[in-house]
Amino acid sequence: MSKSSEVRIPANEITVKRRADVSIAVVGTPNSGKSTLFNRLTGLKQRIGNYPGVTVERHIGTLKTNDAVIELVDLPGTHSLTPHSLEERISVDVILGRVEGTAAPDGVLAVLDASNLYQGLFLVQQLLDLDLPVVVAMTMGDAAIRSGIDVDVAALQDALGGVPVVEVVATTGSGLDELRVAIAAMRGAAASRELVVWPELRRAAGEFQQATDNELSLRVCERLILEGISEHTQNYARLTESQTANLVSQRDKLFGMEPPIAVEARIRYAWVRDTLKKVQRSAPRLQSWRTRLTAFLNQPLPGTIGLFLVMAVVFQAVFAWATPVMDLIDSGTAVLSGSVAAALGEGAFSSLVADGIVAGVGSVIIFLPQILILFLFIILLEDSGYLARAAYLMDRAMHSVGLSGQSIIPMISSFACAVPGIMATRVIPNRRDRIATILAAPFMTCSARLPVYALLIAAFVPAKQVGFMNLQGLVLFGLYLFGIVMGVLTALLIRKTALRGPKPPFALMLPEFRRPNLQTVFIQLLGRAKVFLYRAGTVIFTVAVIVWALAYFPRSDSIGAEAEQQREAASYSVSGPELEAEYARIENLAAAAQLEQSWLGRAGKAVEPLFKPLGWDWRVSAAVIAGFPAREVVIAVLGTVYAVGDEADEQTLSGRLKASRWPDGSSVFTLPMVIGLLIFYACCLQCAATLAVIRRETNTWRWPVFAWVYMTTIGYLGAMLAFQVGSA
Amino acid sequence: METDAYTLATLRRGEKAVIEAIDTRDPQVQRLMVLGLVEGAEVEHASAAIGGDPMEFRLFGCGISLRQEHARMFTVAPVGAGV
């Protein structure tokens, strides 16, 4: 991220007021069941925040025992204290007390996956080298038994130098009480430093410590020897020239020409292999549906077909389940807005509440069904271990467009809605990859583009058969394809220019399938929904109110007075239902006239010359401007601007669109103009929610501004090209 | 073929081997070492995606996937039948 986020205050200068007596970091490898255990220990007593300067979420829960309040910090999964991704870096920085505003933990709860002791023990070794008390919680014992591994807990505790090892089963809760006691006992306990796996490192660290006149702790010395002087370590130890020279010579002695990471991996894994011989007994491997399923999906073709089936189901569910709820929210908002307007009467305040605030809130929560359903699936896929396999299967295809397999889920999710798609890019460890995916995602045809496409296609594309397909369907398909091509080209372009860099790393752990824990899924889903409502919701709401104000002000009294006169005149000439219809007609005409002279209408007229090359009149321009916060708004604005009361009545609206004329009598909505408009909609980033989420996920305004300018420019040029070539 | 021509990338599906030497220059290879692909570790080629890339290996019961270009950096000695 930005350089400014690297400025860190040394741990000993941080004073943080803590409500808890002890702060314990929960550390483990990814997929070790860490979050499930954390949720079991803390329940819903959790707070989700952000680490300063980065987009990694901070999960803090509390655990109350008889005599203490213990704060548990759930850190992102990491394989090693030498971080690889942004999330791993956060974990390491928190453990080492390098994060501003976060005190160094008083102890570490190491979560060890019994079915993957090999990698787990690598991390545990590194944790034991810190000057902190450590408790090991061993999870997944059942999964280990299934895959033919029986772990001798007493022998493991022995091999780890007597550190408490507690076996827990998250599903039944067995071992949790014992674990709570062990965690509570860490308060004020001495550091666990019994185990010396790498005596040479310890000796080098001791010598270096003497060179610093014992100013630095042994733990800091070890980290400095392992990591060297980098932007991450220099802030937490300022060294003199001779101290630096000593550090360099210690590193030379220890590592020679080899990369320190490689040397460390060799030594630690050699110890792990020896230890595994002592603590693991092999048991008969059980044939379960998991092993059979894994074996079946391990074949290239069934695996890939399976992936497409899974995605088809997810996609179908999003449309089938979310659309009815969204329609419900939509009509509910309309009803509420109508009754609020009726209750408050005429006037600016009434309109602000009804059309500004209620509609604004509605435009925020209308995203929730899709986001929740999509995230439910993403979380289920992630927790079951399938997400990693999907990334693995699609890696080659994504690699050819400069991305990696991990981009596939965000991209596919964006067909429903780019907002959860962009939020799902967090699984991508490489920053360049992640931003390229974020920039490509909004090109995917989202569900908000669909009503606009549907309206324009139904009105202007003839419904004739082309081969076995309908021309209308073909155009819609073409628009989907166009979005994909544009997204892929964008990713390619951006990875070749602004985000040029080494090929994205690809080393993916492929866990065995497991049943997701419902509590964990629920808590994660709740967290996602909160984040969306707080962070994106505020932006969407603000923009909705601003657009309302633009369309409402200034009010013309003469239009209102004229409408009043017309109403009066009508009341003499007609009566009954006819009068109602006449009133409605007058009201619509007045609304259209008010809109025409509002700031929005004026803006539409002002920019008409700009959009003239695209074949748009001021009405279309005003509707497009109003649609920038949320693209589906364009239909409502077109409805008002063409004085058609009910926007749901598309038949009438499309009729009106067809009938609209330039002053010289020629048709506004010609086929080239409509194709141009479709291209504009396919490209343009008309979605405040997406912009807000890009801002949130990249932690800078640079990328949302770039995405907006870039996509709008392409949309404009594409629409102009289509209109000019088509009309020539 | 010389024995040093055997790398992780040349393993067939279901074949097991022990890692003998690693070209550690690439930072991505170093990352793979952190994940446990070190000298002396026994691995099995478990699966491959369409086109044979990336490949999946089993390492002490866990699955790990890597691209062919990185798999070539690991020289191996096959274990069991087929040597």
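Just so you know, all these numbers are worked out from the coordinates, no wet-lab data involved. Nothing here was measured: the structure is a model prediction, and the numbers come from that model. Methodologically, a virtual Cβ is constructed for each residue, glycine included, from the backbone with ideal geometry; neighbour enumeration extends over all protein chains shown.
Brief remarks follow.
- Tilt relative to chain A, helix A:199-211 - C-alpha long axis, 0 to 90 degrees, to 10: 80
- Ordering of A:618-631, B:11-24, A:259-272 by burial proxy (mean other Cβ atoms within 10 Å per residue, highest first): A:618-631, A:259-272, B:11-24
- Cα centroid separation - the stretch A:347-420 against the stretch A:577-596, whole Å: 39
- With eigenvalues of the C-alpha gyration tensor scaled by 5 and rooted, the stretch A:20-184, Å: 24, 18, 15
- Ascending count of other beta-carbon atoms within 10 Å, so fewest first, for A:ILE428, B:ILE50: B:ILE50, A:ILE428
- Count Lys and Arg as plus one, Asp and Glu as minus one, and take only other residues whose Cβ is under 14 Å from that of A:MET140; the net charge is then 0.
- Each residue of the stretch A:97-112 was assigned a 3J(HN,Hα) from its phi angle through the Karplus curve 6.51 cos²θ - 1.76 cosθ + 1.60 (θ = phi - 60°); the sequence is x, 9, 9, 4, x, 10, 5, 4, x, 8, x, 10, 9, 8, 9, 10 Hz, with glycine and proline shown as x.
- Farthest toward the positive end of the dipole of the stretch B:3-79, out of B:ALA48, B:ALA5, B:VAL79, is the Cα of B:ALA48, where the dipole comes from beta carbon charges about the Cα centre.
- Ascending count of other beta-carbon atoms within 10 Å, so fewest first, for A:GLU200, B:GLU56: A:GLU200, B:GLU56
- In order along the stretch A:238-243, phi translates into HN-Hα couplings of 9, 10, 7, 4, 5, 5 Hz, rounded to whole numbers, per the Karplus curve 6.51 cos²θ - 1.76 cosθ + 1.60 with θ = phi - 60° and x for Gly and Pro.
- Shielding of peptide A:299-305 by partners, expressed as the average count of other chain Cβ atoms within 10 Å per residue Cβ, is 3.
- Anisotropy class of the stretch A:139-201 from Cα gyration tensor, a/c 1.5 cut: oblate
- Relative contact order for chain A, counting Cα pairs under 8 Å that sit 6 or more residues apart, in percent: 10
- Interchain or long-range residues, amide H under 5 Å from A:ALA630's placed H: A:ALA688
- Shielding by other protein chains, A:545-558, mean Cβ within 10 Å: 0
- Sequence-distant residues sharing a close amide H with B:ARG72 (under 5 Å, placed H): B:ALA9
- Each residue of the stretch A:480-489 is assigned a 3J(HN,Hα), and the resulting list reads 4, 4, 4, x, 4, 4, 5, x, 5, 4 Hz, derived from the Karplus form 6.51 cos²θ - 1.76 cosθ + 1.60 (θ = phi - 60°), x at Gly and Pro.
- Partner chain coverage, peptide A:255-268 - average Cβ within 10 angstrom: 4
- In plain terms, the residue of A:GLU241, A:GLU71 with the fewest other Cβ atoms within 10 Å comes first and the most crowded comes last, giving A:GLU241, A:GLU71.
- Gyration tensor verdict on the protein assembly as shown (Cα atoms; rounded if a/c is under 1.5, prolate if a/b is larger than b/c, oblate otherwise): prolate
- For A:ALA20, residues with placed amide H under 5 Å, excluding near neighbours: none
- Normalised convex hull volume, the stretch A:255-339, alpha-carbon set, Å³ per residue: 287
- Alpha-carbon centroids, the stretch A:95-143 and the stretch A:662-723: separation in whole Å: 49
- Helical mean residue ellipticity (222 nm; -39500 (n - 2.57) per DSSP H run of 4+; nearest 500) of chain B: -3500 deg cm²/dmol
- Calculated [θ] (222 nm, deg cm²/dmol) that DSSP helices of n ≥ 4 give over chain A, each run adding -39,500 (n - 2.57): -18000 deg cm²/dmol
- Three-way shape label, the stretch A:199-282, alpha-carbon gyration tensor, a/c 1.5: prolate
- The distance linking the stretch A:473-546 with the stretch A:242-285 is 38 Å (Cα centroid to Cα centroid, whole angstrom).
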